[in-house]
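Written out below as structure tokens is the structure these notes cover.
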Amino acid sequence: MQKVTWKANRVISIETRRKDENRKENVYVLAQMINKAQLLVYNLFSTDNKWENIDLSKAPILFCTYVTRQFITNSNVFIQDIEPLKDYEPPKYRIHTIGACVRRITLWEGTKDEKEIMILGEGGGKLIEGDINGPVIMEQIPFTDNETIDKYELTDVRIYAEFNERLYLCYKFGKNVDPMKDLVFNRPIPLEYKEYIYIISS
């Protein structure tokens with residue numbers, strides 16, 4: 001497989017979970033590189049990595065977030081000869097987690113899958129404009145404000161293999177999901193997140 005370097009407006013497909021004895025199919029997602037290492041992810045998935053008659057100007061968007069070079073290097077990424085979406089403007093606002101402490105969370109308590117993990121932050125987040133030093137738009141997002149929580153991405157820069165599993169879960173649930181955001185805002189964590197939890201805690 002060819003080495004893929006970062007280039008603004010390059011359209012790529014990304015393998016989410018890799019096929020193994022427990023998974024009968026590979027799942028790929030279509031994305032577009034944006035300036036400053038932002039990745040625009042479309043709600044377009046494939047099990048054979050074949051993309052035909054794709055018009056990204058009409059394609060549904062899942063989200064746009066920052067990724068590391070490590071994510072691109074370690075993931076199976078394939079350059080696609082597809083016309084990119086032109087003049088896309090990334091969202092102005094993002095969610096920054098509150099506090100620099102580490103807290104323990106017990107998941108699936110009282111079941112055979114019970115697991116204790118540690119995550120950064122005291123719980124909850126604030127809405128900011130631009131980077132983490134940008135103006136604060138909302139000092140503390142209420143835990144019940146699902147509209148704001150669901151609308152904006154975390155300031156976290158996503159990595160392999162955490163982000164790959166998130167992409168797979170978007171495919172599985174048929175919508176934009178972010179297990180890390182659900183942990184930050186103390187939302188119920190479905191058992192389908194088990195592999196994700198294993199990845200971030202291992």
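Computed from the coordinates by the stated procedures, all read-outs in this text should not be read as laboratory data. Remember, predicted model here, so these are calculated numbers, not experimental data. A quick note on method: Cβ atoms are made from the backbone with ideal geometry, for glycine too, and the neighbour counts reach across all protein chains shown.
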Restricting to Cα pairs below 8 Å that are 6+ residues apart, what does the relative contact order work out to for region 115-183? Please round to a whole percent. 19
Computed about the Cα centre, the charge dipole of the chain from +1 Lys/Arg and -1 Asp/Glu charges at the Cβ has a magnitude in debye, to the nearest 20, of 400
List every residue whose amide H lies under 5 Å from the amide H of GLN80, counting only residues 5 or more places away in sequence or on a different chain, with H placed 1.01 Å from N in the peptide plane. VAL11, ILE12, SER13
So for region 59-187, averaging the separation of alpha carbon pairs under 8 Å that are six or more residues apart and normalising by length, what relative contact order in percent results? 30
Which whole-number percentage describes the relative contact order of region 8-63, with Cα contacts under 8 Å and a sequence gap of 6 or more? 30
Helical contribution to [θ] at 222 nm, DSSP H n ≥ 4, -39,500 (n - 2.57), averaged over the chain, rounded to 500: -5000 deg cm²/dmol
What residues have an amide H closer than 5 Å to that of ARG158, excluding those fewer than 5 places away on the same chain, when H is modeled at 1.01 Å from N in the peptide plane? TYR66, VAL67, THR68
Count the lysine pairs in region 38-188 whose Cα atoms sit under 15 Å apart, keeping only pairs 8 or more residues apart in sequence or on different chains. 7
Given the peptides 83-89, 9-15, arrange them by the average over their residues of other C-beta atoms within 10 Å, most packed first. 9-15, 83-89
What list of ³J(HN,Hα) couplings, whole Hz, do you get for region 78-90 from phi and the Karplus terms 6.51, -1.76, 1.60, once you set θ to phi - 60° and write x for glycine and proline? 10, 6, 10, 8, 10, 4, x, 6, 8, 6, 6, 10, x
